[in-house]
1. Taking the Cβ of each residue in Ile23, Ile127, Ile31 as the centre, tally the other Cβ atoms inside 10 Å and list the residues starting with the fewest.
2. Using alpha carbons only, how many angstrom separate the centre of segment 83-142 from the centre of segment 9-71?
3. Quick check on segment 3-54: what are the equivalent-ellipsoid semi-axes from the Cα gyration tensor, as sqrt(5λ), descending, whole Å?
4. Taking the Cβ of each residue in Phe115, Phe82 as the centre, tally the other Cβ atoms inside 10 Å and list the residues starting with the fewest.
5. Exposure proxy check: Cys24, Cys14, Cys109, Cys133 ranked by fewest other beta carbons within 10 Å?
6. In nm, to one decimal, how far is the modelled label at Leu129 from the one at Ser7, with both set 7 Å along Cα→Cβ?
7. Grab the beta carbon distance between Gln112 and Val38, set R0 = 41 Å, and tell me the FRET efficiency rounded to 0.05.
Amino acid sequence: MPSTLLSEGRWGDCPAYAAACGICSSLSLPIAAGTLNVGALNLYAGPPDAFTGTDLTELRSLASQATGAIALARRISDAQEFAEQMRTAVQTRSVSDQALGLIMGQRPCTAQKAFDILRSASQHRNIKLRDLCTEMITNLTGPPPPQPNCAPTRDTPPPSRQACRDHSQA
């Protein structure tokens, strides 16, 4: 909805400041309406009533395209976060399984009971379960030897295929 900042009473001192800077008109169009992200495409102009009588079709289309871009960016971000969580889960799975086996060997119990014991210890010590499992195994066996990472990360380029083949054959 177009507005003249000279007559605007909302938003505290902002309209008076904008008018003092030579901005007398504004137009705000919603962006990402109906999504978790909310914003506005805000346009400003010097003359009073600059947007009155303006065909807003193209500006609404621009706001709609921005909504689509924001929604896509959110989906990409969510997918990257999920992929990182899965990568962490896969990397820590063997350590968790080893810790479960350790508990099951010390106390004859089921895997579920061993998991319950680990979860309780994790909560009692206020540390992540994967960190507790890593600590248990490291205390028992010592730190693991460093291994090259054949999976690309965001910060480093992937190693050559030959380097990964050499590592898997070692």
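1. Ranking Ile23, Ile127, Ile31 by Cβ neighbours within 10 Å, fewest first, gives Ile127, Ile23, Ile31.
2. Segment 83-142 and segment 9-71 have Cα centres spaced 53 Å from each other.
3. Equivalent ellipsoid of segment 3-54: 22, 14, 8 Å, largest first.
4. Going from sparsest to densest Cβ surroundings: Phe82, Phe115.
5. So the residues, fewest neighbours to most, are Cys14, Cys109, Cys24, Cys133.
6. 6.3
7. The calculated FRET efficiency here is 0.40.
No lab work stands behind these numbers, since they all come straight from the coordinates. Only a predicted model underlies this, so the values are computations on that prediction, with no experimental measurement involved. Virtual Cβ from ideal backbone geometry, glycine too; neighbours counted across all protein chains shown.
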